[in-house]
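Contents: one structure, followed by commentary.
Quick note: the coordinates plus some simple rules give every number you see, no bench work behind them. These numbers were taken from a predicted model, which means no experiment stands behind them. Neighbour counts are summed over all protein chains in view; Cβ atoms, including those assigned to glycine, are modelled from backbone coordinates with ideal geometry.
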Amino acid sequence: MAISEKTTTARREEIVDACEKLYRTMSFREITLKEISEETSFSRPSIYNYFATKEEIFLALFEREYDRWNDSLEEIHKGKRSLSCHALAEKLAKSLAARPQLLKLLSMNLYDMEANSRLECLIRFKHSYGRALENMKRLLLKFRPEMTGGQIHDFIYSFFPFMFGIYPYTEVTEKQKKAMEQADVDFEQLTARELIFTFIITFFNNKQ
């Protein structure tokens with residue numbers, strides 16, 4: 001009997017939910033398809049009806065995290081008619097800092113994740129990523145009308161690569177702290193919001 005589209009969507013979401021739950025306390029390397037299946041209502045072999053690899057499940061989680069952030073960016077766009085540089089930087093920083101799973105996923109090896117996913121899965125992910133680029137452009141056009149097209153381009157293609165390094169700089173383990181102390185490396189514990197806000201406001205101020 002053929003599975004309905006509604007059932008297929010629900011089961012895909014259940015698998016991604018299971019992966020999201022495990023990823024809160026475990027690393028990508030530690031999570032297996034067996035462990036993911038144990039958090040769902042169906043067997044491990046059934047997962048292959050929806051995802052071919054573990055990387056595809058993580059890519060679907062990545063896609064969902066981008067979609068959730070996109071919702072936040074669109075809410076900012078729908079809001080006030082104008083925002084100061086400080087207010088816009090604060091809203092953007094809070095919107096991204098509120099997505100720790102997205103920041104954690106960004107710190108992973110995206111090349112391997114994409115290489116081990118089918119093209120259709122990668123296309124879905126790229127749609128969500130592209131929507132984030134477009135939403136950021138729309139926000140800058142609305143709230144920073146003094147920025148030129150080149151400056152907007154420079155911001156986007158500086159900020160999005162910067163996002164890959166946020167999680168490692170703000171989520172430091174005790175082992176890492178101890179290693180830096182013994183290696184005599186200066187370290188300042190910052191929150192994601194602080195780091196993101198500083199990046200954005202610095203860029204805005206340098207373009208004035």
| message | If neighbour count is taken as other Cβ atoms inside 10 Å, put 67, 186 in order from fewest to most. | response | 186, 67
| Under a plain spin-label model, where a point goes 7 Å from the Cα along Cα-to-Cβ, how far apart in nm are residue 52 and residue 21? | 2.8 nm
| field | Cα centroid separation - the stretch 27-41 against the stretch 120-174, whole Å | value | 30 Å
| note | Proxy exposure order for 81, 64 (fewest C-beta within 10 Å first) is 81, 64
| field | Reachable lysines from residue 207, criterion Cα separation under 24 angstrom, eight or more residues apart if same chain | value | 80, 91, 94, 137, 142
| note | Note to self, the chain gives a 222 nm [θ] from helices alone (DSSP H runs n ≥ 4, -39500 (n - 2.57) apiece, / all residues, nearest 500) of -22500 deg cm²/dmol
| said: Modelling each spin label as a point 7 Å along the Cα-to-Cβ direction, I'd like the residue 188/residue 42 distance in nm, to one decimal. | reply: 5.1 nm
| message | Taking 0.36 nm per residue of sequence separation and subtracting the Cα-Cα distance, how much length would be gained by fully extending the chain between residue 153 and residue 133, in nm to one decimal? | response | 6.2 nm
| query | In nm, what is the difference between 0.36 nm times the number of residues separating residue 141 and residue 71 and their Cα-Cα distance? | reply | 23.4 nm
| field | Restricting the stretch 135-208 to chymotrypsin sites (Phe, Trp or Tyr not before Pro) in coil, as DSSP defines it, with at most 15 other Cβ within 10 Å | value | 164, 187
| note | If 76, 36 are placed from fewest to most neighbouring beta carbons inside 10 Å, the sequence is 76, 36
| query | On full extension of the chain, what length is gained from residue 13 through residue 181, given 0.36 nm per residue of separation minus the C-alpha to C-alpha distance? | reply | 56.2 nm
| said: Can you tell me how the chain classifies by the Cα gyration tensor, rounded, prolate or oblate, using a/c under 1.5 as the rounded cut? | reply: oblate
